[in-house]
Structures are given as structure tokens and as C-alpha cells.
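Undergrad: Okay, here's the structure, questions in a sec.
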Amino acid sequence: MTEQRPRRTQAQRRASTRARILACTAECLLESGYAATTVSAVQERAGLARGTVQHHFPTRAELLVAATTQVVDQRLEQFRREAELLPPGRDRLQSVVDLAWRDLNSPAFFTALDLWVAARTDAELRDRLVHEEQRVFTEMRRLYLEVLGEPYAADPRAELLVEFTIDLLTGLSMTAMLTGTLGEREAVVRRWKRALAVLVGQLPSDELLDGSPLPLTASAG
């Protein structure tokens, strides 16, 4: 005799529907961008009535920000997984640059960028997005410093260097998205790694423009 599954409660059905809506919204944002992620597009993808979507998320801004939270959480989890796979002997300062560069060239980052641009002229979206972006910025900085570990963590310059790295690579990703080739972008990343090595005393300043590869196991001075 086939065992019947217990019927889901109303709360469980509601949570399942909400999760489905958010998953479909996140997919739409990643695949098609902000402009194409309308309530109609989400309800069609989810196979739900428009009223069902709007029951959970009365406005488009609420829907998009809730989905962005999900994308952000996936982005943070991906960073954590990649950080755990770093070889133990590899220089952590260079590793943070590599991790940050991959993150800032990911679909999740470009989704965030799309929303930032839209929020410039959408007050409701901007108000709701500010808190979420503050959360991701705070958490990413914490993760970068955590990955650095010792001897960098004890260096009073570490937090500022992480800040510079994020700002530089964010700007590079945004501008190179339209104008730069992959080779040009990678060259800037290599130069920044060398600049960081000079700043922490791994290399003398006269080697700043040297094009040779940095040692993978360099330690802070």
C-alpha cells in the first residue's frame, strides 16, 4: 500500500510559493536584467497568477529587492566556497585580489550593477536597495579581511588596502564591461597586485613597474 505524504500546511504552501517567486525573479534578473524583469515576466516564468505574485510582493520594487537579497546570499556563499579552496601556501593578499576580481565579474555583480543604475531614478527601489547594498558591502569586506589572515590581519593598513582593492576592481569591471578587452583588464589586475606588494613591503618601490610574475608565496614585510 502506497504511503500518503502528509498534507502541507497553509504556511508551508505560502513559503513554497514565495520561494518559487523569488527564485524565478532572481533567474530573470541574472538572465535578462532589470528592465525585462517585470511582474508579468516573473509570473509567467513561475506559472502563477499575477495576483498571487502581487499578494506576496505588492510592488515591483519589493519583489526585486527581495530577489536581490537571494542573489546576494548566493554571491556571498560562492565567495566563501572559493576561499575555502585556496591552497594553504598561496599568498593571501594576491588571493584576495583574485577572489574579488572573480566576484566583481560574476553575473550576480552585474545584476547588482543593473539595479544600482535603475535606482538612480527610482526612489522606491533606491530606498529599499540601500540597506541591502550596505549589508553586502559590509559582509564582503569582512570576508576579504578574514581570507587575508596573518600576517596581514595584524597590519593596520590591511583594511584600507582591501577598500582600495574593492573600489579599484569595481570601477575596472564597470568600465571594462563596455570598453576594455580581457587582456587589458587582466593587465590592470596584475599591476595592482604588484602595487599591493610594494605597499606592504614585499617588493621595493623600484620594482613597481616590473612585468615579471609575483612570487605566489610572498609574505608581508
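Undergrad: Where in region 99-141 is the amide nitrogen less than 17 Å from a point lying 7 Å along the Cα-to-Cβ axis of R90?
TA: 99-106
Undergrad: Want the number for V198 to L178: 0.36 nm per residue separation, take away the alpha-carbon distance, what's left?
TA: 4.2 nm
Undergrad: Where in region 49-78 does the amide nitrogen come within less than 17 Å of the point 7 Å from the Cα of A123, taken along Cα to Cβ?
TA: Answer for region 49-78: 60-62.
Undergrad: Provide Rg over Rh for region 10-58; use the alpha carbon set for both Rg and the Kirkwood Rh (inverse mean inverse pair distance).
TA: 0.97
Undergrad: So, how do all the Cα-to-Cα distances of region 72-207 break down into 10 Å bins, in percent, from 0 on up?
TA: For region 72-207, the pair-distance distribution reads 10, 39, 35, 13, 2, 0.
Undergrad: Treat the count of other C-beta atoms within 10 Å as a stand-in for reagent exposure and order L93, L76, L22 from fewest to most.
TA: L76, L22, L93
Undergrad: Considering the zone a paramagnetic label at R8 would reach in this model (a point 7 Å from Cα along the Cα-to-Cβ line), which residues of region 69-108 have amide N under 18 Å from it?
TA: none
Undergrad: Which of the peptides 101-112, 118-129 is most tightly packed, and how do the rest follow, judged by the mean count of other Cβ atoms within 10 Å per residue?
TA: 101-112, 118-129
Undergrad: Turning to a different aspect of this structure: Please rank I21, I166, fewest neighbouring Cβ atoms within 10 Å first, as an exposure proxy.
TA: I166, I21
Undergrad: Give me the one-decimal nm value for the distance between modelled label points at A19 and R190, 7 Å along each residue's Cα-to-Cβ direction.
TA: 4.6 nm
Read the figures in this text as sums done on the coordinates, not as results from a lab. Keep in mind the model is a prediction, meaning the values are calculated, not measured. Note that we place each Cβ from the backbone using ideal geometry, even for glycine, and neighbour counts take in every protein chain shown.
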